[in-house]
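A.B. asks: Below are the structure tokens for one structure; questions will follow.
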Amino acid sequence: MKPRNKFQKTITEASKKLPPVTKVQVKWGYRNCIEHIGRRTKKGVISCLECGHSWTDKTTREHCPCPKCNTKLIVKDTRQRVFDDYQYLCIIAACEGFQVLRFIYIDYRAKVREKARYFHSEVVQRWIASDGKSATLARLRPMGFFVHTWSFGSPLEIRPEKPLYNVVPTCVYSRQRLIPEIKRSGYTKQFFGLTPFDFFQFLLAENKAETLLKAGQTELFKFFALNNHRNINNYWASIRICIRSNYKIGDASMWCDYMDLLRFFGKDLHNAKYVCPPDLQREHDRYVRKKGNT
């Protein structure tokens with residue numbers, strides 16, 4: 001659809017300056033995103049599904065390189081002859097002051113004794129400003145259940161902000177270009193179970209997220225990134241006590257519930273005695289029972 005506001009128009013113009021995905025990046029995606037299989041028969045004949053070469057190896061090893069193309073194979077004992085797969089590669093780029101997440105759809109089809117066939121297309125771009133504001137460029141997607149493909153002939157255009165475009169990539173390209181706000185944030189190329197978009201958007205939109213990341217409170221970082229109904233400001237004073245006390249919060253959801261219970265009973269949320277319990281589970285359950293009896 002056409003850009004409807006100034007921010008979307010800025011994104012649309014900036015996208016024209018984004019360089020195309022390179023052959024090196026695509027080849028890296030083929031190599032790292034797809035599971036390369038060596039199909040082994042009962043007679044010990046292994047067929048490389050990457051180049052089509054076959055040879056006999058009667059050992060029972062689960063991994064081996066192809067003697068022809070040197071691809072590292074996962075050996076599978078199966079009678080299956082045709083294989084297919086699809087995965088997503090994420091390329092992290094920077095353009096015109098925006099952090100850009102580019103998602104490449106990779107389609108793989110292979111048949112015994114034939115060379116594998118690959119197809120790729122850039123299907124989604126997530127543009128994130130330094131203040132966390134974002135916009136999405138994407139191709140159209142066919143309607144229907146369990147449809148994983150895209151309308152590859154459609155253009156990359158502004159699309160509504162939907163979970164559909166919050167892609168979970170199989171691999172993230174090793175070379176990353178970051179905006180200054182990300183470089184100084186403590187980002188270490190780990191996403192802690194979040195999608196790249198959820199991670200970067202929260203890190204840029206919430207100024208306290210950088211403190212959580214640098215302090216190693218990754219469970220709290222993940223929790224507040226995914227739970228918009230929880231206001232981090234309601235817990236920040238207690239979080240600072242935990243950071244100063246080197247108290248690592250392992251279960252962020254339970255800890256926040258525990259803080260709510262302490263607040264309900266009028267306890268001092270600035271006291272490490274309460275906010276840094278040695279046994280969080282026990283203290284949490286004790287206050288739950290106490291509240292149930294009131």
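A.B. asks: Quick one: in the range 245-294, which of the residues that are β-branched (Val, Ile, Thr) and not in a helix (DSSP H, G or I) is surrounded by the most Cβ atoms within 10 Å (Cβ to Cβ)? Can you show your working first?
C.D. replies: We begin by selecting, within the range 245-294, every residue β-branched (Val, Ile, Thr); these are 249, 275, 288, 294.
Right, trim to not in a helix (DSSP H, G or I) and you get 249, 294.
Details: Ile249: 24, Thr294: 6.
Checked the range 245-294; the qualifying residue surrounded by the most Cβ atoms within 10 Å (Cβ to Cβ) is Ile249.
A.B. asks: Report, ordered by the first and then the second residue, all pairs with beta carbons closer than 7 Å, sequence separation of six or more or different chains, a first member in the range 245-272 that is β-branched (Val, Ile, Thr), and a second member that is open to solvent by 50 Å² or more (accessible area, probe 1.4 Å).
C.D. replies: Here the result reads Ile249/Glu219, each pair linking the range 245-272 to a residue that is open to solvent by 50 Å² or more (accessible area, probe 1.4 Å).
A.B. asks: Where the second residue is part of a loop (DSSP other than H, G, I, E, B) and the first is charged (D, E, K, R) and lies in the range 168-193, which pairs have Cβ atoms under 6 Å and are six or more apart or on separate chains?
C.D. replies: So the pair list comes out as Glu181/Ser130.
A.B. asks: If we keep just the residues of the range 152-161 that are farther than 19 Å from Leu204 by Cα and either free of Cβ contacts under 8 Å to residues at least 40 places away in the same chain or not charged (D, E, K, R) (or both), which is most open to solvent (accessible area, probe 1.4 Å)?
C.D. replies: Gly153
A.B. asks: I'm checking my understanding of the structure. Among residues of the range 113-151 that are modelled with pLDDT under 95 and among the hydrophobic types (A, V, I, L, M, F, W, C), which one is surrounded by the most Cβ atoms within 10 Å (Cβ to Cβ)?
C.D. replies: Top of the filtered list is Trp150.
A.B. asks: Now a separate question. Of the residues Leu18, Leu73, Leu101, which single one is of a type in the set (A, V, I, L, M, F, W, C), assigned to a loop (DSSP other than H, G, I, E, B) and within 26 Å of Thr170 (Cα to Cα)?
C.D. replies: Of the residues listed, the single one that is of a type in the set (A, V, I, L, M, F, W, C), assigned to a loop (DSSP other than H, G, I, E, B) and within 26 Å of Thr170 (Cα to Cα) is Leu18.
A.B. asks: Something else: When residues of the range 166-191 are filtered for being in contact with a Leu (Cβ under 9 Å, 6 or more places away or on another chain) and either in a loop (DSSP other than H, G, I, E, B) or at pLDDT below 95 (or both), how many remain?
C.D. replies: 9
A.B. asks: Being outside any strand (DSSP E or B), open to solvent by 10 Å² or more (accessible area, probe 1.4 Å) and not β-branched (Val, Ile, Thr) is the filter here, so list the residues in the range 34-51 that pass it.
C.D. replies: Those that are outside any strand (DSSP E or B), open to solvent by 10 Å² or more (accessible area, probe 1.4 Å) and not β-branched (Val, Ile, Thr): Glu35, His36, Lys42, Lys43, Glu50, Cys51.
A.B. asks: Go through (1) buried (at least 19 other Cβ atoms within 10 Å of the Cβ); (2) touching an Asp or Glu at 6+ places or on another chain (Cβ under 9 Å); (3) under 26 Å from Val167 (Cβ atoms) for Val21 and report which single condition fails.
C.D. replies: Failed condition: (1).
The values are calculated or read from the model by the stated rules, or taken from the named source; none is laboratory data. As the structure is a prediction and not an experimental result, all values here were calculated from the model. With ideal geometry, Cβ positions are generated from the backbone for all residues, glycine too; neighbour counts draw on all protein chains shown. Heavy atoms of the whole protein, side chains included, go into the accessibility calculation; ligands, DNA and RNA do not. Shrake-Rupley method; radii C 1.70, N 1.55, O 1.52, S 1.80 Å.
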